[in-house]
Amino acid sequence: MELAIGYARVSTNDQVRYGVSLPMQVEKIKRQAIVADVELIDVLVEEGVSGMKHLSQRPKGQQLLRAIKENNVRHIIIWRIDRAFRNASDALKNIDTWSKQDISVSIVDMGGAPINTSTATGKFMISIMVALAEMERNLTAERTSAALRHIKETGGAYTHPPLGFTRVGDEFIANPNEQDLLRHMWELHKSGCSYRKIAIQLKKNNIYSKRGGQNWHPYTIQTIIKRINRDKLVPDCKD
């Protein structure tokens, strides 16, 4: 029987807003281990850690990666993709790496149903994710061009690229990680969080600013939120 390890995570905000409790995740992971017919040696619980952090930057995430190497773990079980990974692209990259090491992944809730990457159906679902991720990359490129055109048309100009973009020559290219951060900040704002609370959460979760610092200030957050809407830094975010 293959050895398996589970991974559960919540941020404080998740628990308050969505009731995404750790006990629920752990219970579902244990049930999935029975269905997958694997020996669950542990369920690693990550509490109060932002999903913006890469798995290798989280304490329990590091423990998970060590368990794969040291304990010959061949199966990983998570409740949902966003519990372990920052986005679909990040998930695909990790799943592909593990697949090459003969390590399969069970995702308990994949659109309401579980998938296992060791099965034909699971592999098909992952291939769909690849296609969707590729489409999203193309859409992001199109949105970036539209955002830059908007900045030019409205007379806006940046000496340095704003949060969400990286300068390449004379062009601003969308930075996926920073775009995710902008979207995260926008969602917190729309959920009712004050600029001060957003600044506190970013600092608490060790999320760095464009210049590499952690001194987030309410005024800075307010300015960023206004820019998101004014210059369409993240086209998905609309009032």
**Fill in**
Which of Lys28/Lys100; Lys123/Lys210; Lys69/Lys203; Lys69/Lys210; Lys28/Lys210; Lys69/Lys190 exceed 30 Å between C-alpha atoms? The answer is Lys123/Lys210; Lys69/Lys203; Lys69/Lys210; Lys28/Lys210; Lys69/Lys190
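Just want to confirm a number: the relative contact order over region 1-101, from Cα pairs under 8 angstrom separated by 6+ residues, in percent.
On the way: 144 pairs, mean separation 38.5, N = 101.
After rounding, I find 38 percent.
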**Complete:** Two pseudo-spin positions, 7 Å from Cα along C-beta at Glu47 and at Asn215, lie apart in nanometres by 3.3
**Request:** Just need the relative contact order of region 180-228 here, percent rounded to a whole number, with Cα pairs under 8 Å and 6+ apart.
**Result:** 39
**Request:** Determine ³J(HN,Hα), in whole Hz, for all residues of region 199-204 in sequence, where each value follows from phi through the Karplus function 6.51 cos²θ - 1.76 cosθ + 1.60 and θ = phi - 60°; x replaces Gly and Pro.
**Result:** 4, 5, 5, 4, 5, 4
**Prompt:** Put +1 on the Cβ of every Lys and Arg and -1 on every Asp and Glu Cβ in region 18-107; which of Asn94, Ile76, Val105 then has its Cα farthest towards the positive end of the dipole?
**Reply:** Asn94
**Prompt:** If you place +1 on the Cβ of every Lys and Arg, -1 on the Cβ of every Asp and Glu, and leave all else neutral, what size is the dipole of region 18-110 about its Cα centre, to the nearest 20 Debye?
**Reply:** 220
**Message:** So the label point goes 7 Å from the Cα of Leu3 along Cα→C-beta, right? Which residues of region 51-89 then have their backbone N under 13 Å from it?
**Reply:** 64-76
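Taking all protein chains as present, what is the carbon and sulfur share of the accessible area of region 25-72, in % to the nearest whole number, probe 1.4 Å?
Numbers: 1170 of 2690 Å².
Answer for region 25-72 is 44 percent, counting heavy atoms of protein chains only.
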**Message:** I need the Debye-formula profile for region 1-126: one equal scatterer per C-alpha, no solvent, reported as log10 I(q)/I(0) at q = 0.13, 0.16, 0.19 1/Å, two decimals.
**Reply:** -0.46, -0.72, -1.05
**Message:** Using a probe radius of 1.4 Å on heavy atoms only, what accessible surface per residue do you get for region 164-227? Whole Å² is fine.
**Reply:** 60
**Prompt:** Which whole-number value in Å² is the accessible area per residue of region 32-124, probe 1.4 Å?
**Reply:** 49
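The values are calculated or read from the model by the stated rules, or taken from the named source; none is laboratory data. Everything numeric here is computed off the predicted structure, so don't read it as measured data. So basically every Cβ, Gly included, is an ideal-geometry build from the backbone, and we count neighbours across all protein chains shown. Side chains are part of the model used for accessible areas, which takes the heavy atoms of the whole protein and leaves out ligands, DNA and RNA. Shrake-Rupley method; radii C 1.70, N 1.55, O 1.52, S 1.80 Å.
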